[in-house]
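Read the structure below first, then the notes.
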Amino acid sequence: MSSKRVLVTGGLGFIGSHTVVALQNEGFEVVIIDNLSNSSIDVLGGITQITGKTPEFENIDLRDKSAVKSFFEKYPDIEDVIHFAASKAVGESVSNPLLYYENNISTLVYLLQELNKKESSRFIFSSSCTVYGQADNLPITEDAPVKEAESPYGNTKQIGEEIIKDTCKTKNSFKAISLRYFNPVGAHPTAEIGELPIGTPQNLIPFITQTAIGKRNKLSVFGDDYPTADGTAVRDYIHVMDLAEAHVHALERLINGKEKNNYEVFNLGTGKGNSVLEVINSFEKVSGEKLAYQIVGRREGDITAAYADTIKANTELNWKANRSLDDALKSAWKWQLVVKNREEEDH
Ligand code: UD1
């Protein structure tokens with residue numbers, strides 16, 4: 001328990017909002033910064049419904065360096081930051097790399113510059129298993145080499161980690177953890193908050209639920225000629241609530257001085273790989289819906305298989321993913337039904 005205030009940037013986004021819920025459930029006071037570029041102010045109401053508490057909210061664009069400075073002047077007690085705010089569309093990053101370097105790198109530097117002025121501070125960074133590319137060995141441990149990034153988006157995660165690591169080297173009292181997420185899916189079980197993809201979803205689960213609800217005609221399964229059991233690609237799908245709770249464990253590790261090094265990296269996954277066809281089967285089972293899909297060619301840049309070695313997170317963070325793929329898909333479907341009702345009410 002702590003009554004310290006924690007800054008959550010991007011706290012109205014998909015993973016950010018679930019983490020705010022997990023933090024408030026553990027007694028943390030939360031201040032959110034979000035520029036609403038890929039989120040909605042309504043999420044604040046969802047968080048309040050679940051936790052009975054409305055976090056403080058500042059509509060700030062982190063690219064505005066003077067606004068970041070003013071924020072820390074307004075909240076001088078904040079020394080703990082969980083940083084989600086970033087752009088995450090792989091394709092868009094390829095067509096507009098400078099936007100990604102500005103959104104994901106400049107903003108990180110501005111935050112770290114402010115934190116560096118403090119006597120001590122702690123920082124949790126949203127990284128991604130994308131830094132491993134197609135790893136040579138499975139499951140993927142934190143020691144697996146970082147491969148050349150496939151996209152500017154992936155590169156911003158690699159560069160972000162390096163910037164944080166270098167900053168940690170200059171100051172012992174600045175402590176940071178990079179969390180490398182596998183594939184975050186699902187929604188809060190109340191369906192008060194969930195993932196809100198803008199436009200056509202690029203990720204598998206929102207595409208599945210939007211197809212089942214009738215918003216898309218058919219799911220395209222990208223490739224069935226991978227060297228896997230059923231030929232479709234394998235990923236480690238982790239329930240967003242498990243992921244959210246891992247952030248609380250990571251922050252508490254730093255607050256309680258349990259870290260082994262002032263810069264650490266953890267994989268966050270379930271440790272289990274599922275193929276695209278297994279995901280479809282699980283979805284059909286928990287939703288009772290038949291999913292229209294077709295097999296098409298591979299998507300450029302996709303890897304064959306990735307799943308996490310969870311030993312380091314299990315032992316050091318004292319955390320493990322407890323929810324199943326079925327649980328995640330059930331919550332994603334419940335959320336999709338809520339979104340549909342809301343869209344109908346709006347018309
Ligand atoms: C993607 C990003 C990754 C990012 C992550 C964030 C790419 C290449 N990678 O990971 O950098 O960190 O999202 O969540 O975009 N699939 C289909 N049909 C679809 C959509 C997906 O068959 O319509 C398949 C994909 O080929 C893949 C699996 O489903 O095998 C998961 O895809 P997705 O949800 O996009 O995640 P990743 O590609 O693993």
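The values are calculated or read from the model by the stated rules, or taken from the named source; none is laboratory data. All values derive from a computational prediction rather than experimental measurement. Positions of Cβ are backbone-derived with ideal geometry, glycine not excepted, and every protein chain shown enters the neighbour counts. These area figures cover heavy atoms from the full protein model, side chains too; ligands, DNA and RNA do not enter into them. Shrake-Rupley method; radii C 1.70, N 1.55, O 1.52, S 1.80 Å.
In a solvent-free Debye calculation with one equal scatterer on each Cα, what is log10 I(q)/I(0) for the chain at q = 0.11, 0.12, 0.16 Å⁻¹, listed in the order of the q values?
Log-scaled intensity ratios, in q order: -0.71, -0.85, -1.59.
Using the Cα centre as the reference, give the magnitude of the dipole from point charges on the C-beta atoms of the stretch 267-347 (Lys, Arg: +1; Asp, Glu: -1; all else neutral), rounded to the nearest 20 debye.
260
Carbon-plus-sulfur fraction of the accessible area of the chain, 1.4 Å probe, in percent?
Percent of accessible area from carbon and sulfur atoms in the chain: 47.
Given the options 103, 281, 38, state which has the largest fluctuation in a GNM of the chain using a 10 Å cut-off (strictly under) for Cα springs.
The residue with the greatest mean-square fluctuation here is 281.
Take every DSSP beta bridge with both residues inside the stretch 154-302 and express the antiparallel ones as a percent of the total, to the nearest 5.
Antiparallel: roughly 15 percent of the beta bridges in the stretch 154-302.
Report the percentage of all Cα-Cα pairs in the stretch 23-147 whose separation exceeds 20 Å, rounded to a whole percent.
56
Only Lys, Arg, Asp and Glu count, each charged at its Cβ (+1, +1, -1, -1), so figure out the dipole size of the chain about its Cα centre, rounded to 20 debye.
It comes to approximately 280 debye.
What net charge is computed for the residues neighbouring residue 253, neighbours being all others with C-beta under 11 Å from the C-beta of residue 253, Lys and Arg scored +1, Asp and Glu -1?
0
Averaging sequence separations of C-alpha pairs under 8 Å and six or more residues apart, then dividing by the length of the stretch 220-347, give the relative contact order as a whole percent.
Taking the mean separation of contacting Cα pairs over the length of the stretch 220-347, I get 39 percent.
Quick one: compute the contact order of the stretch 187-246, relative version, from alpha carbon pairs under 8 angstrom and 6+ residues apart, as a percent.
Here the relative contact order equals 24 percent.
Just list whichever of 88/290; 260/320; 285/334; 157/258 have alpha carbons separated by over 21 Å in the model shown.
From 88/290; 260/320; 285/334; 157/258, over 21 Å: 88/290; 157/258.
Looking at 251, 151, 10, which one has the Cα that reaches farthest to the positive end of the dipole of the chain (charges on Cβ: Lys, Arg +1; Asp, Glu -1)?
Most positive-ward Cα: 251.
For the chain, what is the accessible area per residue in Å², given a 1.4 Å probe and the full set of protein chains?
With the other protein chains kept in place, the chain gives 44 Å² per residue.
Taking every DSSP beta bridge with both residues inside the chain, roughly what % is antiparallel (nearest 5)?
5
What stretch of the chain, leaving out the sites themselves, is the longest with no GluC sites (Glu not before Pro) in a DSSP loop having at most 11 other Cβ atoms within 10 Å?
Result for the longest clean stretch: 149-299.
Given only helices, namely DSSP H runs of n ≥ 4 each adding -39500 (n - 2.57), what is the per-residue ellipticity at 222 nm of the chain, to the nearest 500 deg cm²/dmol?
Calculated mean residue ellipticity at 222 nm is -12000 deg cm²/dmol.
Would you grab the residues whose amide H sits under 5 Å from the one on residue 176? Only those 5+ places off in sequence or on another chain, please, with H modelled 1.01 Å from N.
123, 263, 264
What is the spread of the Cα atoms of the stretch 238-284 along each of their three principal axes, largest first, in whole Å?
Dimensions of the stretch 238-284 along the principal axes of its Cα atoms: 45, 17, 10 Å.
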